[in-house]
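Asker: Questions regarding the structure given below will be posed in turn.
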Amino acid sequence: MIRPVLSVLAAAALLFGAPAACAADGPSLVVGLLLPPDEPEAVSIRQGTLAAAEEANEGPGPRVKVAVRGRMGAWGSDASEAALLVMDDGAGALIAPPSGAASHLVLQVSGRTGVPVASLCPDASVTRASIPWMVRVAPSTLDEARALFEGAAASRWLVFVPAGRAGREASRDLSAAAAAAAGKRSIERSVETDGSVTGAALRDLVFSVHPDAVLIWLDPVPAGRLARSLRMAGFAGSLAGPMRLASPAFAAEAGSSAEGLFVPVVAPEGDGVRAAFESRYRRLFGAAPGPAAAIANDAAKLLFDALKRGGAEGARRGFPPAERIRGATGLLAFDRNGNRLVTLQVRRYRDGHLVRG
Amino acid sequence: MTKKPVTVLACAAAALVLAGPLKARSGRPAAELPFPLIERFEHFGPEQGLPAWKVHCVLADKGKVWVGTTKGLAVLEGKTFNVIGPGQGLSHSVVTALAVDPATGDLWVGTLRGLNRISAGKVETFTQTSSGLPNNVVYSVAVGKDAVWVATAAGVGRRDARTGSWSLFDSTNTLMHEPWAYAVTLSPEKLYVGVWAGGIVEQDLARGTWKEYRDPDGEMELDLAPDDGPISDITSWATWEDGILWQASYSGVARYDGTRWKSYLEKKSPLVSNFVNFIAAKGRVAWICTDRGLTVTDGTSWATYKGAEGGGGTVEITRPGTPPERRRTATAMSNDFVLGASITENEVWLATSHGLTRGILARRIDQATAARKTGTQGASR
């Protein structure tokens, strides 16, 4: 009983307890990061953000720091923590996490307080809130899925999504992407799962739907588990998944079942920004950054830049910036609704590595 | 409580300076507006005793003006601000919502960490751990004849006035599409809940039944089927008054008379901005608080107040069938980002992101009508 408690406390300390990049003296500009404790990419997101703070503090202008919060304990609430980032920690801008529900809680605080937001959430519903000072830095589910539907030569798709609200939103966006994709693509069935469906149940499902391809729209670990189960159940068609499966966690969990799986990635710019970020990240944290860290780094970079230019009040008026900023995931440009304008390429796993399809 | 004397900054001079066309372009006399214009603005900030520049909400009631700021609740009585903050028992310094109980005079104060009741000078606190409040983040409060209703980040709470017991309403036991309640308002028969990403849900208070109103097209900027329902599923505020339900969103405003919906967007009406945070209603007139100014309308005639470059401001008036008139004003609101409003017979109080503003209302005869009587004329824009 004691060990799980200690594990939770250790994880909490890693996420929230360690000091963020703080200014040595004088008031700092603060970016708040909401990280629910069940966010699978929490460590990568936090570290990507801290790397951006270090970079910002090497440049001219006011010092910056990051405040990180997430619900704690049985009575904790992400809504309260999002509000407290602004009100108690003095955050002049917020990063909303990949979770759609938590992202909307951040947007609610932004609506009442006017602080700019950079969201890491791919759900279409996030930019539908129409908050003028909010952008989505992550590619949308619509963009990712459309790239996959057009990149993988398959017409009949079986889709696995998470249970609950996240699955409902993903299913809606995936259906819209299938309808918008070039060529005839149809989602034959959308199944909610935590990735644990196996054996006869999975064989029956595949047999009844008879898909050309399976889209695994889950987090890396449950997606890896399901990929293994699908291959063990005899499914020989194409597998595909979202950009977050371009991660060591997925590759390790899926093992050889990752072979051939399609994922979308942001087309590289070749401008050196990505390489500089990777170098900084390795120096700070001793590991290579995944896609979540790179996107979080870009979100923080945008917000630090806006705060440095205009302070908290000016940041709202000048956000999103008119000029395009170069980030670790390419040029940071947005449409008028705050959606990232991004070119995605489809890659495949070969021998544990991602290669051009 | 701390006390500070008030010194009003604003000019005392009469302020609606002139210059607008005082007659319609057609040469016909302009119609009288169905609402009074604001004659001049006065400003209040920390120098006058407010605890902070940022003001989230304001409520004028029986000679007092309650002001919710980021650093506590201030009350203006006569010329003095008294401040109630965490030191006086308030659950958090950031005040987000205010409502008064007309039967008892109690003031209900929503904050970002709990709900408070101020009764006979005593502060009583309700949090999610000490009461049945659904969540500590309180966005809106409404007082009915037998209960207080609270919109929170995790549903609607109802506190029974007689027993003090709480009920929770969210997406598991109502038609709410999402659990996030962002606004509550009451008519004599119904409760309306502004749901973040869920439009509006209505409860028949006598029967307890629920009905849902959603944006049928689900689009942000495009209103593909105009006047077909709520303007957006993101409801940022809702206000019921005199048979009209006004829905605020970040995509415009909708008006519902119980039968028909009517939508107003920035590009298709004189609404100054689609980003609407609050609507105060008096009679059938809505005072619409946006990030770029204040728009007043009954759905047919409009007036929009904004600051102007170089000081002062403008008011743009639109009457049915006539081109808009723009007039310069000598004074303006403290800031164009307006977060709340409270209307009395003679004045309008405005919460802005940089100070509290008092707008002095002209008599119920607008300048165009006055000009018609005196025979003066101005130039058109």
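The values are calculated or read from the model by the stated rules, or taken from the named source; none is laboratory data. Note that the structure is a prediction, hence the values are computed from the model and not measured. Note that we place each Cβ from the backbone using ideal geometry, even for glycine, and neighbour counts take in every protein chain shown.
Asker: Please enumerate the residues belonging to the stretch A:111-164 that are assigned to a helix (DSSP H, G or I) and within 26 Å of B:T235 (Cα to Cα).
Answerer: A:G111, A:R112, A:T113, A:A124, A:S125, A:V126, A:T127, A:T141, A:L142, A:G164, listed by residue number.
Asker: Still on this model: Kindly evaluate B:T127 against the criterion of being within 11 Å of chain A (Cβ to nearest Cβ) and free of Cβ contacts under 8 Å to residues at least 40 places away in the same chain.
Answerer: yes
Asker: Does any residue in the stretch B:93-111 that is farther than 28 Å from A:D89 by Cβ come within less than 6 Å, Cβ to Cβ, of a residue that is among the hydroxyl-bearing types (S, T, Y) six or more places away or on a different chain, and which pairs are these?
Answerer: B:D106/B:S119
Asker: Output the residues belonging to the stretch A:114-140 that are among the hydroxyl-bearing types (S, T, Y) and surrounded by 24 or more Cβ atoms within 10 Å (Cβ to Cβ).
Answerer: A:S119
Yes or no, residue by residue, for (1) under 25 Å from A:V43 (Cα atoms); (2) in contact with a Pro (Cβ under 7 Å, 6 or more places away or on another chain); (3) at pLDDT below 90:
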| site | (1), (2), (3) |
| --- | --- |
| A:A147 | no, yes, no |
| A:A153 | no, no, yes |
| A:A178 | no, no, no |
| A:G183 | no, no, yes |
| A:S196 | yes, no, yes |
| A:P220 | yes, yes, no |
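Asker: Something else about it: Return the only residue of A:G167, A:G195 being part of a loop (DSSP other than H, G, I, E, B) and more than 14 Å from chain B (Cβ to nearest Cβ).
Answerer: Sole residue among the options that is part of a loop (DSSP other than H, G, I, E, B) and more than 14 Å from chain B (Cβ to nearest Cβ): A:G195.
Asker: Looking at the stretch A:87-96, is at least one residue in contact with a helix residue (DSSP H, G or I) (Cβ under 8 Å, 6 or more places away or on another chain) and under 28 Å from A:A223 (Cα atoms)?
Answerer: Within the stretch A:87-96 (the criterion being in contact with a helix residue (DSSP H, G or I) (Cβ under 8 Å, 6 or more places away or on another chain) and under 28 Å from A:A223 (Cα atoms)), the answer is yes, since at least one residue qualifies.
Asker: Consider the stretch A:171-209. How many of its residues are out of contact with any Leu (no Cβ under 9 Å at 6 or more places or on another chain), closer than 20 Å to A:L142 by Cα and not hydroxyl-bearing (S, T, Y)?
Answerer: Result for the stretch A:171-209: 8.
Asker: Which members of the stretch A:127-166 meet the condition of being within 15 Å of the chain's Cα centre (by Cα) and small (G, A, S)?
Answerer: A:A138, A:S140, A:A145, A:A166
Asker: Output the residues belonging to the stretch B:307-322 that are in contact (Cβ under 8 Å) with a residue 40 or more places away in the chain and not in a loop (DSSP other than H, G, I, E, B).
Answerer: If the condition is that a residue be in contact (Cβ under 8 Å) with a residue 40 or more places away in the chain and not in a loop (DSSP other than H, G, I, E, B), then B:G313, B:V315, B:E316, B:I317, B:T318 are the ones that fit.
Asker: Shifting gears a bit: Let me confirm something: among B:G164, B:G199, B:G132, which residue is farther than 23 Å from B:G63 by Cα and in contact with an Asp or Glu (Cβ under 6 Å, 6 or more places away or on another chain)?
Answerer: So the residue among B:G164, B:G199, B:G132 that is farther than 23 Å from B:G63 by Cα and in contact with an Asp or Glu (Cβ under 6 Å, 6 or more places away or on another chain) is B:G199.
Asker: Looking for something touching a residue at least 24 places away in the same chain (Cβ under 8 Å) and over 26 Å from A:R168 (Cβ atoms) - is there at least one such residue anywhere in the stretch A:205-225?
Answerer: no
Asker: How many residues does the stretch B:60-77 contain that are in contact (Cβ under 8 Å) with a residue 24 or more places away in the chain, more than 14 Å from chain A (Cβ to nearest Cβ) and surrounded by fewer than 23 Cβ atoms within 10 Å (Cβ to Cβ)?
Answerer: 4
Asker: Identify all residues within the stretch B:99-124 that are more than 14 Å from chain A (Cβ to nearest Cβ) and closer than 23 Å to B:K54 by Cα; write none if there are none.
Answerer: Scanning the stretch B:99-124 gives B:A99, B:V100, B:L107, B:W108, B:V109, B:N116, B:R117, B:I118, B:V123.
Asker: Here is a check on your reading of the model: is A:R112 within 14 Å of another protein chain (Cβ to nearest Cβ) and at pLDDT 90 or above?
Answerer: The answer is yes for A:R112.
Asker: For the condition under 20 Å from B:E42 (Cα atoms) and either among the acidic types (D, E) or modelled with pLDDT of 90 or more (or both), what is the one hit in B:R358, B:R363?
Answerer: Of the residues listed, the single one that is under 20 Å from B:E42 (Cα atoms) and either among the acidic types (D, E) or modelled with pLDDT of 90 or more (or both) is B:R358.
Asker: Restricting to the stretch A:292-324, what's the tally of residues that are over 20 Å from A:V66 (Cα atoms), more than 14 Å from chain B (Cβ to nearest Cβ) and surrounded by 15 or more Cβ atoms within 10 Å (Cβ to Cβ)?
Answerer: The total comes to 1.
Asker: Let me ask something additional. On the basis of being among the small types (G, A, S), within 14 Å of chain A (Cβ to nearest Cβ), under 19 Å from B:I231 (Cα atoms) and in contact with a Gly (Cβ under 8 Å, 6 or more places away or on another chain), does B:S334 make the cut?
Answerer: no
Asker: Oh, and also: Do we find that A:A200 is assigned to a helix (DSSP H, G or I), buried (at least 19 other Cβ atoms within 10 Å of the Cβ) and not assigned by TED's automatic domain parsing to the domain that holds A:C121 in this structure?
Answerer: Here the answer is no, as A:A200 does not meet what is asked.
Asker: Return a yes/no flag: does the stretch B:94-102 have any residue that is surrounded by fewer than 18 Cβ atoms within 10 Å (Cβ to Cβ) and not aliphatic (A, V, I, L, M).
Answerer: yes
Asker: Here's something else I'd like to know. For residues that are modelled with pLDDT of 95 or more and small (G, A, S), scanning just the stretch B:114-129, find the one that is farthest from B:S91 (Cα to Cα).
Answerer: Checking each candidate, the answer is B:S119.
Asker: For the stretch B:108-173, give me every one of the strands (runs of 3 or more DSSP E) that falls completely inside it and has 2 or more residues that are surrounded by 22 or more Cβ atoms within 10 Å (Cβ to Cβ).
Answerer: In the stretch B:108-173, B:114-119, B:138-143, B:147-152, B:155-160 are the strands (runs of 3 or more DSSP E) which contain 2 or more residues that are surrounded by 22 or more Cβ atoms within 10 Å (Cβ to Cβ).
Asker: Here is a follow-up. Pull out all pairs, ordered by first then second residue, where Cβ-Cβ is under 8 Å, the residues are six or more apart or on different chains, the first lies in the stretch A:101-128 and is free of Cβ contacts under 8 Å to residues at least 40 places away in the same chain, and the second is in a helix (DSSP H, G or I) and of a type in the set (K, R).
Answerer: none
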